[in-house]
1. Using each residue's phi in region 212-228, evaluate 6.51 cos²θ - 1.76 cosθ + 1.60 at θ = phi - 60° and report the 3J(HN,Hα) Karplus result to the nearest Hz, with x for Gly and Pro.
2. So between E318 and S35, what do we pick up on full extension, going 0.36 nm a residue minus the alpha carbon distance?
3. Considering the Cα trace of region 136-269, what is its radius of gyration and what is Dmax, both in angstroms?
4. Take the Cα atoms of region 291-349, find their three principal axes, and give me the spread along each one in whole Å, biggest first.
5. Tell me which trypsin sites (Lys or Arg not before Pro) from region 43-128 have a DSSP coil assignment and no more than 13 other beta carbons within 10 Å of their own.
6. Just how far, in whole angstrom, is region 92-112 from region 156-179 if you go by their alpha carbon centroids?
7. Kirkwood Rh, region 99-143, all Cα pairs: how many Å?
8. In the structure displayed, which of K113/K307; K196/K307; K188/K307; K114/K196; K339/K361; K188/K255 lie more than 20 Å apart, Cα to Cα?
Amino acid sequence: MFDGKTAKEYKVLIPSAFADGCGECRLYGYYHKTSGIFNVTGTRAGEGTRLLGCISRGGAASAGLGLLGRYDESGRLCFSYRGAPYTVEYYDVCLNVFSRNTGILESGVMLGKKAVILGCGSVGSYVALELARAGVGHFLLVDMDIVEYHNLCRHQCGIHDVGAYKVDALAARIRDINPNAEIVRARKPIEELNQKYFEHMCAGTDTVVVGCADNRAADAYANMIAARMGACFLSIGFWERAVAGEIFYWIPGRKMPCCACALGSVNTPKAETNYHHVYSNELDATKIKFEPGISADISFITIIGVKLALDMLNISTEGYVPRLLDHLRQYTLVCNTEKPEIGGSIVEIFSHPLQITRSLKVNFNKSCAADGQCMYE
């Protein structure tokens, strides 16, 4: 290990807004002892942040606050810690955090986009963090469960989150990427959410509603809410052990069957649909033991859904070139294996691993249609 006293650079990373001056305030963020870097995130305590120090006009540090900032006669912000001077490096969340997305996804556009994540387990947590990395700035997280130890091998959260509500743990991870993200949390089923949640978060095609729960009823209800609000809808589901997965999307303004039309709305696991004999060898739904599989298999299928979500969020973005939306039909199957010794005889319908089946067609249901158009359209 190198000698930190001679090799490390003493530095304070701080939001660019401080360059224009501010009054006396306390500073919160993170301190990394081995690198000697203070990462200031703001003037208020956040999830996981600690009190680092202060900015004092008088030049004297408050009791117990080691990092001292002051503005010199020219208005330049200077820092010291235990008598040692620290260099100042300003950052901007939009320009710096998302700078490497430039030319692919424009941060100024993406920060105004919204995502409603219904189910914050292994799938929902992955979707939320990928959308946060893409620059989505507003989230509604819906889940009533708590993080448990058996979740950790698949969930995006860690051991320090065990015992916390999934929506709270995931909110903290999102803010690790974008501390300025707006996050609304609901610890209840989607069917019990007040209308005000959706009125605030659903803003036409600037919003994508993502169904990541484990039953069709929640997806059908979510699709209905999305349709009423003019938002896009995406569902990501898995077969047993994640030997394969299914992705379904719906876009307002297009003649497309909704989730209830295409896949049914019965309150059964996503591993079983209207054609449950295709997805499970067990005809009795009560005997299906739904296990979503290992993280690698879940992530492979989920990332395809994330790319579709980004395409839908940018339908109206000038100059944006869709990655998958023009290629995948409304309902897509993705397989992780075609080997029966892994997935049973049901996977023999696939000819090779990683096969993406995009030739499937879904239809309007007579009980959910009016003049050939989905009733929610």
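Each value in this text was obtained by applying a stated rule to the coordinates, not by laboratory testing. None of the values given here were measured: they were computed from a predicted structure. Positions of Cβ are backbone-derived with ideal geometry, glycine not excepted, and every protein chain shown enters the neighbour counts.
1. After applying 6.51 cos²θ - 1.76 cosθ + 1.60, I find 10, 7, 10, 8, 6, 4, 5, 5, 4, 5, 5, 4, 4, 5, 4, 5, 5 Hz.
2. Numbers: separation 283, 0.36 × 283 = 101.88 nm, distance 4.23 nm.
Length difference between fully extended and current span is 97.6 nm.
3. 15.4, 46
4. The Cα atoms of region 291-349 stretch 48, 23, 14 Å along the principal axes, largest first.
5. R44, R57, R76, R82
6. Cα centroid to Cα centroid, the span is 22 Å.
7. 10.8
8. Details: K113/K307 15 Å; K196/K307 28 Å; K188/K307 27 Å; K114/K196 15 Å; K339/K361 25 Å; K188/K255 32 Å.
Listed pairs above 20 Å: K196/K307; K188/K307; K339/K361; K188/K255.
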